[in-house]
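First the structure, in the form of structure tokens, and then the observations on it.
FYI, it's all coordinate maths here, none of it is from the lab. Computed from a predicted model, the values in this text were never measured in an experiment. Every residue, glycine among them, receives a Cβ derived from its backbone with ideal geometry; neighbour counts consider all protein chains shown.
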Amino acid sequence: MMHRPSRVWIATAKNRSRVGATEVTTRYLVLFLVIALGLPAAVGSEELEESSDSAGEYAPGGSGACTECHDQPATLAILRTPHGVKGDSHTPFAAQGCEACHGPSAGHAADDEVPVAQKFGDDFPAEPQDAVCLSCHRGGERMLWNGSIHEARGVACASCHNIHNPRMDVLQKDIRPDALVRKDASAACYGCHPDVRSQTHRISSHPIKEGVVTCNDCHNVHGSTSDHLLVKRNVNETCYQCHAEKRGPFLWEHQPARDDCLTCHASHGSTQRALLKQRAPWLCQECHSLEGHPGAAYTAAGLPGIGSAANNRFLLLRSCTNCHFEVHGSNHPSGVRFTR
Amino acid sequence: MEHDRVHRFVRGALGTLAGLALALPAAALPPEVNESWIELGAWVNSDDSYKFGDFTGLEEKGVSVLGNFDISRRAVWDSGDVRWWRAQGQNLGLDSRFARGDFGYQGLFDVWFEYEEIPKYQTDSASTVFQGRGTDRLTLRPSWISGSSTANFSALDANERDLDIEHMRRDVRAGFGLDLPADLEWVGDYEYETKKGRKIVGAVIGSSGGGARASLVPEPLDYQTNEGSTALRWNGERAQLQIGYEISVFNDSNDSLTWQNPFSGGGAGVGYPNGFGRKATAPDNSFNQVSVTGGVDLPWNTRISGDAAFGWMRQHADFLPYTVNPALTAPVPPPRGDADAGIDTTAATLRLASRPIDRLRIDANIRYDDRDNNTPRDVYQYVSGDALSQQGINSDRARLNLPNSYQLVEGRFEAGYEIFERTELSFAYKRQEIERTYTEVDHIGENTYEGALHSRPLSWLQMRVEGGIADRNGSEYMYQSPLFQGFTPGYIGSIKPPAPLYENNPLLRKNVYADRERSRVLGRVDLMPLDSFSIGLDASWVTDDYDHSTLGLTRRETLSSTVDLSWSPIEILTTYAWFTYDNLQSDLDGRTFGNVAEAFNPERDWYERDEDHVYTAGVGAELHLLDDQLRLRADYVYSMADTAVRVRTGPALAQTSQNFPDLESRLHDFNVSAEYQLRENIAVRLSYLLEDLKTGDWAIDGVAPNTIANVLGLGEDSPHYRNHLVGFAVRYEFR
């Protein structure tokens, strides 16, 4: 029996799923709000460990006073890093040593019940610890840190970086001896961006899990001028770093491609080939509805062995791009329809 | 093939030796502080698979050299010696090798050099009847038997030859940083990249109306890209400034691809054997940009920062002729010798970030992004598909190019206040206005309202919930714009009823500038009830509704949810597990029509829903035994994706509604490794990787080169493989 849907049926079905999703989302939203607002008020927010406000005196003996107790290899490893080079006048260890970052902590050196002046990590307020790092590292890629999304969300420098670690592995194309063939230097970002991790395992993706592309190849996590913390000033300029052949400009522009690569592509991963958000012909039909084949309905009746083969060429192989291949733009004088 | 394997192994061995040579000078330096190791061994790969080798270089069965190293030298911290040196290399025995060297006098200068190879394997299950693959001219063998349809290609099997589609990127990069007096710093870098190989393109001869005949053919890739940037920075205590310049120059060694038409018919000089088609490849282009970026700290914990950049894209590749077919007439040449294409870009941002009083945060941002396309606009009396002679200037084959320009102005304001200790409530408003030229909508405005609650009430509990709505509206949708702006006045004047005075259906709304309502919600909870145990819960939902669009994309929705666990029950054991579910949906409304009456007949509508369900999970553990002498590790990732495409047709359409077979992919990725510390500075490692991928795509599976009547295909298959990879290595650590 032929199914003859009406627009009402389709609209109802869409609305049904829309209502369902909205209801579920609203419930989660309310739950989060109740917990987030109620819990601090109910239990009283726990006094998270604060740094000391001791009087601003440096410990006698400098770093030697610190390492009497803090002599763990992981702590002393800072002396094998750029921050530990005394011969460079810019480094903490050319100045007050440990206290150059952790602040004057004579009180703590005398009595370990007194907290050190400045601690680092997610357990402590971001702004004062960031101020320490930014006192030296404010320029270059960090000029736009203030007001950037990570800064606004309270992500501290020490959330991702550990300057005691000689490797400073985070987000650098670095080599780990336990990496098999592949290394995933982007793993540090997945803690807050788990959706990206799953996208990198889709059938079409940038080589992120292979370690060839890392997050900071496209994103400046310290702040940038564009949406999504891109390294360049817009999406297309970021993509042209590796795909310069798409830059043009072309004689015949394909306007959505000139506008924004993400009109058609999903940059982290997709279930469709070539990182496309949707497959042709339907991707193309979002914007093309002309008389004849561009606007026609393509159902599974067009697949081999099922029905008429008349529409095979619009569904199979590369679909629209079997003919209209130059969808990023064409520079051929006869290329107005992107066939040349 | 055997010769290729040996060649690759030798290349790998030489690459390893070359990389290690980079490390030797460091080894010869006197003992100093270092974190260094060299690893040598072998990979044994069980099977050929282009997809397994994609980006990794492990596409062939057999043995490859395993070579990695990381050697660095730095003097004892208080020696006064500021020299440092680092050399890294990975996958030296594979075609995905990477090597880098750094050297510097800390506080004075540093220089670095990098080399990288990135292999891309698209398919090895394809075949082609064309000779000359890898060149810019493809021809058919004398034994070729033509026809008006692929069903007539009786010599197809005899003429098919295997075709691998792959390419290799090779990058050479170098850079420097120089510390100058007065808080100045000068940095620069340069990259030279080549991309060589082949890609698949669709190549059509003929024009629409039933005459088009296409072939999927290999197009040569021979790209070179030179990129460089430099910046002078002043890093003051309260203010910073950077003046920068960057350049990118792209070259394609091929300017076109010519192919012989395998199909017969189509008019003089169109069909086999004399018919050829010719398409342009990527034109050479360049981009230059100067920029200035700066920031200044003001009182009241306030900072103003900004950026301005001026750039210019240029493209002057010579035009090809309208047609390669000498039998066609094209008396009117192109109006110019090249497009003289250019886009001038202007980007500027001004940002205010202030924490004027305790607990209050204010962020404001203004952004401007302008792309002024000044490519000259002319009439091109083109030849359609190398098959139809040039038509007159008042025909539908005389077109004007549309150099789209774009201008964005955006302002965003956000304020956050700590309503409780470590609990911030924030609100944001953004206004965005975009203007475009030569599009259906000149101007778009969007208001976005966002709210967020971020709380860390306890040291072991952190929560965040964000939400936002955005409402986008545009100026009048000028559905006739592509017609009126893309065709000559003479042609437009010749259009008489019942012929339509539009290109796209007047009811279509292109989603790029259609009115839209966007809703977004995100929630996240992180719990660490114990030092050894943590849980993360994450969920996000975004939906775009195009309720004013009768035709076109009407809705897109994305839902993602994740659970993350990590547990270290005892000091020597760490474990983790994670699971993500993604659901992506899009709804498209279309209409099949062949005349004006049908264009407005809703019974000719069709509806397409595309829905992805993607499940991805990972679990792993790392165990240290024998006082860290033995280190065991296991990781497993499973990814399952199903894509359902459903199309329903309205009552007036002849086609029955049928569901497409689901598109499926299943990936299992399991690897274990054991590393044993033989001596203080020597460790041996044995590793095993099993990767199993199964995919299905009805668009290519079982589609023979002659399945489609007027498209000659490649007979390729969806990727699937099961590979076992064993690795053995010895690591020497410099201590």
Legend entry - Nearest-20 debye value, the protein assembly as shown charge dipole, Cβ charges on Lys, Arg, Asp, Glu: 3600 debye
Legend entry - Volume per residue of the C-alpha convex hull in segment B:643-735, rounded to whole Å³: 157 Å³
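Just the ratio, please: alpha-carbon radius of gyration of segment B:73-134 over 2.2 N^0.38 Å, N its number of residues. Each step should come with its number before you reach the end.
Numbers: Rg = 21.1 Å, N = 62, 2.2 N^0.38 = 10.6 Å.
Output field value: 2.00.
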Inset, instruction - Calculate, axis by axis, the spread of Cα positions in segment B:310-432 along the three principal axes, and write the results as whole Å, longest axis first. - result: 81, 25, 22
Legend entry - In nm, spacing of pseudo-spin labels at B:THR656 and B:ASN394 (7 Å Cα→C-beta vector): 5.0 nm
Inset, instruction - Within segment B:648-697, list the GluC sites (Glu not before Pro) lying in a DSSP loop whose Cβ has at most 10 other Cβ atoms in a 10 Å radius. - result: B:GLU680
Inset, instruction - Please work out the FRET efficiency for the pair B:VAL76 and B:LEU623, using the Cβ-Cβ distance as r and a Förster radius of 51 Å; give the result to the nearest 0.05. - result: 0.90
Legend entry - Charge dipole (segment B:417-491, unit charges on Cβ, about Cα centre) - positive-most of B:GLY468, B:ASN447, B:GLN485: B:GLY468
Inset, instruction - May I ask for the percentage of alpha-carbon pairs in the protein assembly as shown that lie more than 62 Å from each other? - result: 10 percent
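Under the classification rounded if a/c is under 1.5, otherwise prolate if a/b is larger than b/c and oblate if not, where does segment A:53-106 fall, given a ≥ b ≥ c as square roots of the Cα gyration tensor eigenvalues?
On the way: a/c = 2.16, a/b = 1.27, b/c = 1.71.
Oblate.
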Legend entry - For segment B:135-270, alpha-carbon Rg over 2.2 N^0.38 Å: 1.79
Legend entry - Given charges at Cβ of Lys, Arg, Asp, Glu: segment B:149-235 dipole, positive-most of B:GLY202, B:SER149, B:PRO218: B:SER149
Legend entry - Dipole magnitude of segment B:324-417 about its Cα centre (Cβ charges: Lys, Arg +1; Asp, Glu -1), debye to nearest 20: 320 debye
Legend entry - Förster radius 25 Å - calculated FRET efficiency between B:PHE113 and B:ASP183, Cβ distance, rounded to 0.05: 0.40
Legend entry - Mean projection area, nm², convex hull over Cα of segment A:226-310: 7.6 nm²
Legend entry - Where the Cα pairs of segment B:576-735 fall when distances are cut into 5 Å bins, in %: 2, 7, 10, 11, 11, 11, 10, 8, 7, 6, 5, 4, 3, 2, 2, 1, 0
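B:LEU537 to A:GLU127: FRET efficiency via 1/(1 + (r/R0)^6), r the Cβ-Cβ distance, R0 25 Å, to the nearest 0.05? Please report the intermediate quantities before stating the final value.
Numbers: r = 27 Å, r/R0 = 1.07.
After rounding, the FRET efficiency stands at 0.40.
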Legend entry - Label-point separation, B:TRP567 to A:GLU113 (7 Å along Cα→Cβ), nm: 3.9 nm
Inset, instruction - Please say if segment A:86-145 is rounded, prolate or oblate, where rounded means a/c under 1.5 for a ≥ b ≥ c the square roots of the C-alpha gyration tensor eigenvalues, and otherwise the choice is prolate for a/b larger than b/c and oblate otherwise? - result: oblate
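Can you pull the semi-axes for segment A:48-159, root of five times each eigenvalue of the Cα gyration tensor, sorted largest first, whole Å?
Working: eigenvalues 116, 66, 30 Å².
Output for segment A:48-159: semi-axes of 24, 18, 12 Å.
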Inset, instruction - Take chain B, compute every pairwise Cα distance, and split them into 20 Å bins from 0; I just need the percent in each bin. - result: 11, 36, 41, 11, 0
Inset, instruction - Note the angle between two axes, namely the Cα long axis of helix B:2-28 and the longest principal axis of the Cα atoms of chain B, as a number of degrees from 0 to 90, rounded to the nearest 10. - result: 40 degrees
Inset, instruction - Can you spot the lysines whose alpha carbon is less than 26 Å from A:LYS86's alpha carbon? Ignore those fewer than 8 places along the same chain. - result: A:LYS119
Legend entry - Global form of segment B:192-244, assessed from the alpha-carbon gyration tensor, a/c cut-off 1.5: prolate
Inset, instruction - May I ask which residue of B:ALA699, B:HIS724, B:TYR688 lies farthest towards the positive end of the charge dipole of segment B:671-726, with charges of +1 (Lys, Arg) and -1 (Asp, Glu) on Cβ and the Cα centre as origin? - result: B:TYR688
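List, in the order given, every pair from B:LYS120/B:LYS195; A:LYS277/B:LYS510; A:LYS232/B:LYS199; A:LYS246/B:LYS694; B:LYS61/B:LYS694; A:LYS232/B:LYS196 whose Cα-Cα distance in the structure shown is over 22 Å. Before the final figure, lay out the partial values.
Working: B:LYS120/B:LYS195 10 Å; A:LYS277/B:LYS510 16 Å; A:LYS232/B:LYS199 28 Å; A:LYS246/B:LYS694 31 Å; B:LYS61/B:LYS694 19 Å; A:LYS232/B:LYS196 26 Å.
The answer is A:LYS232/B:LYS199; A:LYS246/B:LYS694; A:LYS232/B:LYS196.
Under the Kirkwood approximation applied to all pairs of distinct alpha-carbon atoms, what is the hydrodynamic radius of segment A:178-332 in Å? Let's see the in-between values first.
On the way: mean 1/r = 0.0563 Å⁻¹.
Averaging 1/r across every pair of different Cα atoms and inverting gives 17.8 Å.
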Legend entry - A:HIS228 versus B:GLN407: modelled label distance in nm, points set 7 Å from Cα along the beta carbon direction: 2.6 nm
